[in-house]
Each structure stands twice: as C-alpha cells, then as structure tokens.
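**Student:** Sharing a structure with you now.
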Amino acid sequence: MLAATAQASRRILVADDDPVIRHLVTTIVRKEGYTPVVVHDGRAAIRLLQSDANFRAAIFDMLMPHIEGIEIIRHMRTEKRLMRIPAMMITSEHDLKLMTNSFEAGATVFLPKPFKPAQLQTMLRMLVSKGDGAEQARG
Amino acid sequence: MLIDSEKFEVALNEKGVLPASAGAFSAPADVVDMEMLASFGEAQIDGEPDIVVELIDLYVTDVAAKMSALRGALDSSDGPALRRLAHCLRGSSGNLGAHRVAALCKELEYVGGDDWRPAAVGLLLGLERELARVEMIFAAERRRRT
C-alpha cells in the first residue's frame with residue numbers, strides 16, 4: 001500500500017528560503033512532470049510532513065531558518081511513514097565532511113551550488129529512481 | 001551621520017580593509033558568468049514567461065531586501081545575522097553567475113574575531129559596488145530578453 005502510494009504520487013516537497021533557488025528548483029521539478037509542494041523554511045517542512053507523507057521525493061536546502069535540511073532528513077529517517085521518501089540536499093558548502101554528514105543523516109543525493117539546470121535534472125531523476133528502486137526492493 | 005562613501009572607501013583602502021577585488025575595474029564577463037546565466041534557459045517551460053528574466057527579477061528584489069538586512073545587522077553588531085544573510089546571498093549570487101559577489105559574501109560570512117566590524121564594513125562596501133555592477137549587467141540582459 002505504501003509502495004503504491006509513493007510511486008503513484010507526482011508530488012515533490014521543496015523547502016528553501018531563497019526565492020531564486022526555490023523558483024529554479026520548482027521550475028525544473030515542474031518541467032520533469034512533477035508537482036512541487038513548496039515551503040520556505042525547515043519548520044514549515046516538518047509541520048507539513050507531520051500531516052502529509054504523500055511525496056515522491058523531497059528537496060531541502062541545507063541552511064534554512066529554524067530547522068536545517070539535515071535535521072529534517074534525520075527526522076524523516078526516524079519516522080516509518082517518511083523514511084521511504086528519498087531526499088536531496090542542496091548546499092553552497094563544498095565541504096566533504098558536510099557531504100558525509102548528509103549521507104549519514106539519510107540524504108539520498110547531494111547537490112552543491114552553483115548548479116546548472118542539467119545537473120539538477122540529472123540529480124532529480126536519480127533521486128526519484130532511487131526512491132522507486134527502494135520501494136520495489138521492499139516489495 | 002552621513003558618510004562620504006568615496007572618502008570612506010579611500011580610508012578603508014589605506015587601512016587595507018577593503019578586499020583587493022572591490023576596487024578593481026571589472027569587465028562584464030568578470031562580473032557575471034553569462035554562460036552560467038544563459039544555462040537557465042534550459043529550464044524554460046514552453047509558453048511560460050522567460051525564466052532568466054524571472055530569476056533576474058527575483059534576485060534584484062531579494063538583494064535589495066538582504067542588503068538592507070545586512071546593513072541593519074551591521075548597525076546592531078549582530079554577527080550571526082550578518083553571517084547568515086551573507087551565506088544566503090552567496091548561494092543565489094553564485095548560482096546566477098555573479099561569482100565575485102559570491103566570493104565577497106563568503107568573506108563576509110567568515111569575518112570573525114572580537115573586532116570583526118571594520119572588516120565587515122569594508123566588505124559590505126565592496127559588496128554594494130559589485131552588486132551595482134551585477135545589477136547593470138542583469139538590467140541589460142533583461143532588456144535584451146523582453
């Protein structure tokens with residue numbers, strides 16, 4: 001049931017406090033045929049996830065007001081209904097330690113800024129396919 | 001108190017506070033990586049407004065708000081707010097190809113020590129000048145596209 005819901009959903013959660021990056025990400029999400037569900041900070045993302053788990057994937061900025069992207073991902077990996085949602089971390093930092101921490105927290109893919117649309121498109125496709133693959137493996 | 005920005009800048013230069021890049025003459029290609037900016041055309045959805053124009057408009061509006069907040073953070077000696085704002089501005093600037101603005105933001109983000117304000121003042125001044133150049137180039141690109 002969970003698998004069917006996750007794969008059928010075309011909704012992608014986008015959480016970013018920067019209006020430029022947010023517009024760019026949501027446009028590419030739409031161009032790829034998905035519906036972006038947009039929040040502007042980490043607290044709003046957590047609130048939304050408390051009542052809504054119907055997302056094919058999630059894209060988080062690392063540094064956001066109130067709650068950082070990495071904390072949201074950590075939270076998602078502790079909740080059964082959220083742990084299946086693959087998550088992308090976007091950040092301006094090119095720090096290997098941060099990348100390692102993100103993967104340890106449960107990030108599926110990591111995209112450093114600056115990025116071009118083609119890079120985001122590739123990462124988005126990878127994100128969704130990894131999520132779908134994990135669903136199929138679970139059966 | 002009103003400050004004569006040119007005199008202030010000369011004084012900062014003499015003290016070595018202004019970043020070396022801040023006073024240099026800049027060719028447009030040095031100010032904005034136009035190839036990076038143009039790459040966002042790849043995200044264009046048919047029938048929708050020009051995404052590059054939309055991104056430029058969002059950026060210019062956001063920069064005005066962030067610069068005002070940065071000045072406020074400096075006035076109130078709020079280092080954490082200053083660093084957070086500089087970090088946020090770095091992300092969008094770098095992504096739109098304004099790499100020198102991004103570099104100045106990174107310097108501002110990492111100003112530290114007990115006496116961080118003079119360095120922050122110099123960097124903010126450099127940032128204002130660099131942003132003026134970026135906005136001129138963005139305005140020209142916007143006109144070309146509309």
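**Student:** Checking A:Leu111 against (1) assigned to a helix (DSSP H, G or I); (2) within 14 Å of chain B (Cβ to nearest Cβ); (3) of a type outside the set (Phe, Trp, Tyr): exactly one of these is not met. Which one?
**Tutor:** (1)
**Student:** Test A:Asp52 against the criterion of being within 14 Å of chain B (Cβ to nearest Cβ) and free of Cβ contacts under 8 Å to residues at least 60 places away in the same chain, and give yes or no. Give the derivation first.
**Tutor:** On the way: within 14 Å of chain B (Cβ to nearest Cβ): no; free of Cβ contacts under 8 Å to residues at least 60 places away in the same chain: yes.
Answer is no for this residue.
**Student:** Now, a different point. If we keep just the residues of the stretch B:36-78 that are touching a helix residue (DSSP H, G or I) at 6+ places or on another chain (Cβ under 6 Å) and not in a helix (DSSP H, G or I), which is farthest from B:Ile137 (Cα to Cα)?
**Tutor:** B:Ile45
**Student:** May I pose another question? With the requirement that a residue be assigned to a helix (DSSP H, G or I), in contact (Cβ under 8 Å) with a residue 12 or more places away in the chain and touching a strand residue (DSSP E or B) at 6+ places or on another chain (Cβ under 8 Å), what does the stretch A:114-129 give you?
**Tutor:** A:Leu120, A:Met123, A:Leu124, A:Met126, A:Leu127, A:Val128
**Student:** Being aliphatic (A, V, I, L, M) and either touching a residue at least 40 places away in the same chain (Cβ under 8 Å) or away from every other protein chain (no Cβ under 13 Å) (or both) is the filter here, so list the residues in the stretch B:56-78 that pass it. Talk me through it step by step, then tell me what you get.
**Tutor:** We begin by selecting, within the stretch B:56-78, every residue aliphatic (A, V, I, L, M); these are B:56, B:58, B:60, B:63-65, B:67, B:69-70, B:73-74.
B:Ile56, B:Val60, B:Val63, B:Met67, B:Leu70, B:Ala73, B:Leu74, listed by residue number.
**Student:** Restricting attention to the stretch A:34-48, report how many residues are surrounded by 18 or more Cβ atoms within 10 Å (Cβ to Cβ) and closer than 15 Å to B:His87 by Cβ.
**Tutor:** 1
**Student:** Another question about this same structure. Assuming A:Thr100 fulfils every condition listed in (1) assigned to a loop (DSSP other than H, G, I, E, B); (2) free of Cβ contacts under 8 Å to residues at least 24 places away in the same chain; (3) more than 14 Å from chain B (Cβ to nearest Cβ) apart from one, which condition is it?
**Tutor:** (1)
**Student:** A:Ile73 is checked against (1) farther than 30 Å from B:Arg100 by Cβ; (2) assigned to a helix (DSSP H, G or I); (3) within 14 Å of another protein chain (Cβ to nearest Cβ) and fails just one. What number does that condition carry?
**Tutor:** Here A:Ile73 meets the rest and fails (3).
Residue-wise test of (1) surrounded by 22 or more Cβ atoms within 10 Å (Cβ to Cβ); (2) part of a loop (DSSP other than H, G, I, E, B); (3) at the interface with another protein chain (Cβ under 9 Å from one of its Cβ atoms).
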{"site": "B:Pro80", "(1), (2), (3)": "no, no, no"}
{"site": "B:Cys88", "(1), (2), (3)": "yes, no, yes"}
{"site": "B:Arg100", "(1), (2), (3)": "yes, no, no"}
{"site": "B:Lys106", "(1), (2), (3)": "no, no, yes"}
{"site": "B:Asp115", "(1), (2), (3)": "no, yes, no"}
{"site": "B:Pro118", "(1), (2), (3)": "no, no, no"}
{"site": "B:Val121", "(1), (2), (3)": "no, no, no"}
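**Student:** Separate question: Take the stretch A:17-33 and flag every residue that is in contact (Cβ under 8 Å) with a residue 40 or more places away in the chain, surrounded by fewer than 21 Cβ atoms within 10 Å (Cβ to Cβ) and in contact with a strand residue (DSSP E or B) (Cβ under 8 Å, 6 or more places away or on another chain).
**Tutor:** So the first thing to find is which residues in the stretch A:17-33 are in contact (Cβ under 8 Å) with a residue 40 or more places away in the chain, and the list is A:17-18, A:21, A:24-25, A:28-29, A:31-32.
Okay, now just the ones that are also surrounded by fewer than 21 Cβ atoms within 10 Å (Cβ to Cβ), so A:17, A:31-32.
Correct list: A:Asp17 only.
**Student:** Take the stretch A:85-120 and flag every residue that is of a type in the set (D, E, K, R), surrounded by fewer than 19 Cβ atoms within 10 Å (Cβ to Cβ) and either within 25 Å of A:Lys31 (Cβ to Cβ) or touching a Pro at 6+ places or on another chain (Cβ under 6 Å) (or both). Can you show your working first?
**Tutor:** So in the stretch A:85-120, the residues of a type in the set (D, E, K, R) come out as A:93, A:95, A:97, A:104, A:113, A:116.
Now restrict to residues that are surrounded by fewer than 19 Cβ atoms within 10 Å (Cβ to Cβ): A:93, A:95, A:97, A:104, A:116.
Within the stretch A:85-120, just A:Lys116 meets the criteria.
**Student:** A further question on this structure: Mind telling me which of the residues B:Arg117, B:Arg100 ends up being among the basic types (Lys, Arg) and closer than 20 Å to A:Lys116 by Cβ?
**Tutor:** On the way: B:Arg117 fails: closer than 20 Å to A:Lys116 by Cβ.
Checking each option against the conditions leaves just B:Arg100.
**Student:** With (1) surrounded by fewer than 16 Cβ atoms within 10 Å (Cβ to Cβ); (2) out of contact with any Asp or Glu (no Cβ under 8 Å at 6 or more places or on another chain); (3) within 24 Å of B:Ala98 (Cβ to Cβ) as the list, and A:Ser51 as the residue in question, which single condition is left unmet?
**Tutor:** The single condition A:Ser51 does not satisfy is (3).
Only the coordinates and a few stated rules stand behind these numbers; no lab work does. Every value quoted in this text rests on a predicted model; they were computed, and no experiment measured them. Virtual Cβ from ideal backbone geometry, glycine too; neighbours counted across all protein chains shown.
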